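Have a look at the structure below, then the notes.
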Amino acid sequence: MAYDPRYLQHLRNQSGHTHIPQPIRNDGTGWWDLGPRDVMRDLENPDMLVPPPTDSGMMPNLKFSFSDTHMQLNRGGWSREITVRELPIATTLAGVNMALTPGGVRELHWHQQTEWAIILVGSARVTVVDQNGRNYIADIGVGDLWFFPPGIPHSIQGLESGCEFLLVFDDGSFSDLNTLSISDWFAHTPKDVLSCNFGVPMTAFSHIPKEQVYIFQGSMPGSIESQQVPDPNGSVPNALTYRLLAQKPIVTPGGTVRIVDSTNFPAATNIAAALVEIKPGGMREMHWHPNNDEWQYYISGTGRMTVFGGEGTARTFDYRAGDVGYVPIAFGHYIQNTGNTSLWFLEMFKSSRFEDVSLNQWMALTPKQLVQENLHVGPELMNALRKEKWPVVKYR
């Protein structure tokens, strides 16, 4: 088949780029892609179109984008989710991306799973009541977290400018559309039972919703002081929110890291996280996590991650804002910033503690002779090893 110049021009028009990427490596391996293709997708995934020569073997897909998910649209906001249905390997955690309008409400509800969240845009008000009848209400903004244990009822409402946030649940098969909602329970309970339970006539329930509301447009709430409900049982003892950006970061030549787990956010008993910034020319160092799989959410910038799975397997993926990445427990990996601005992303784990093992630190703290004979390396490398862990390093 001849490569028709008109087809080439069509691809250029489709992509808006004069350079059409081809699956050809600099060493001459590969060949032209002459058939139907999604040029924009190839431009977003250059290391999948032309993998590094060190990639090898069979490794499952470790990437999925929220842009490829189904949107649930409601008056008051929207939601979309990535679970094992979209990313089958991601069995430990599931993610929901949600937005609420000013006054929009994620209705009163509860889950069988743990809920961890971070505000990405705007501000919100959360309300909670625990199993001992103690309430909690807080206003939170960009970079703030919340943590709700399983079975604890809560609500979320967008404030003046609305809000967008990421929810993470400790079950990869979780779906936010399957949660336990107050409207759904009312709709499926006989009115005489409701009447008996609350001690009011059945007519009090004449206008209750006929099905789950999920998200609805509410009125803008007043000040948090005006919304406080005096509670004879007191308030929840451990704060259920945390200001992550107020935390002093770990600063290295390649970027910054903020770690949050049960040691500094006591309520977060089984989800740990790190907010990582990789500056241009920086790299999340070669490392692995010994305590659980890693679920990632990319907030801004562009990067590439190579994952090593043993038995001669390694695969490289490209990520950008809105993508979810995944790394199985103990698989070695590193993440490079491939753009001109900082790459920000979350590393998340179904664990009470954040733990990682640095390849550099491990080698530095192992007898030199053993390392040299194992890898056939000399003083140039051995003298550069660091006994201190640098989560983010400079590579150019």
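The values are calculated or read from the model by the stated rules, or taken from the named source; none is laboratory data. None of these values were measured; they are calculated from a predicted model. Positions of Cβ are generated from backbone atoms using ideal geometry, with glycine treated the same way; all protein chains shown enter the neighbour counts. To get the accessible areas, we keep the full protein, side chains included, count just its heavy atoms, and leave off ligands, DNA and RNA. Shrake-Rupley method; radii C 1.70, N 1.55, O 1.52, S 1.80 Å.
List of remarks:
- Each peptide among 354-363, 120-129 gets the average number of other Cβ atoms lying within 10 Å of its residues, and from highest to lowest they stand as 120-129, 354-363.
- Taking Cβ atoms as reference points and 14 Å as the exclusive limit, the residues near residue 113 contribute a net charge of -4, counting Lys and Arg as +1 and Asp and Glu as -1.
- Charged-residue dipole, Cβ positions (Lys, Arg, Asp, Glu), region 107-222 about Cα centre, Debye nearest 20: 380 debye
- Two-decimal Rg/Rh across the chain, once Rg and the Kirkwood Rh are taken from alpha-carbon atoms: 1.04
- Hypothetical label at residue 194: residues of region 109-153 whose amide nitrogen lies under 18 Å (7 Å Cα-Cβ projection): 109-110
- Estimated inter-spin distance, residue 329 and residue 374, nm [label 7 Å along Cα→Cβ]: 2.2 nm
- In summary, the lysines within cross-link reach of residue 191, defined as a Cα separation below 23 angstrom excluding same-chain residues under 8 places away, comprise 210.
- One Cα centroid belongs to region 303-338, the other to region 62-111; the line between them spans 23 Å.
- Dipole of the chain computed with +1 at Lys/Arg Cβ and -1 at Asp/Glu Cβ about the Cα centre; of 303, 224, 314, farthest Cα towards the positive end is 303.
- Computed lengthening from residue 84 to residue 160, 0.36 nm per intervening residue step minus Cα-Cα distance: 23.9 nm
- Dipole size of region 190-343 about its Cα centre, with +1 on Lys/Arg Cβ and -1 on Asp/Glu Cβ: approximately 320 debye, rounded to the nearest 20.
- Accessible carbon and sulfur surface of region 86-231 relative to its total accessible area, %, 1.4 Å: 59 percent
- Net charge contributed by nearby residues that have their C-beta within less than 10 Å of residue 216 (K/R +1, D/E -1): +1
- The chain: most fluctuating residue of 283, 40, 48 per GNM, C-alpha cutoff 10 Å: 40
- Other residues lying with their Cβ under 10 Å from the Cβ of residue 246 contribute a combined charge of +2, Lys and Arg counting +1, Asp and Glu -1.
- Ordering 244, 96, 60 by Cα displacement along the dipole of the chain toward the positive end leaves 244 in first place; charges were set at the Cβ atoms of Lys, Arg (+1) and Asp, Glu (-1).
- Ligands, DNA and RNA are left out, and with a 1.4 angstrom probe the accessible area of the chain is 49 Å² per residue.
- Two-site label geometry, residue 357 and residue 61: point separation in nm, points 7 Å out along Cα→Cβ: 3.0 nm
- Region 336-396, accessible surface, carbon-and-sulfur percent (1.4 angstrom probe): 52 percent
- Cα-centre dipole for the chain with unit charges at Cβ (Lys and Arg positive, Asp and Glu negative), debye to 20: 660 debye
- Counting only residues at least eight positions apart within a chain, or on another chain, the lysines with an alpha carbon under 20 Å from that of residue 389 are 248, 279, 368.
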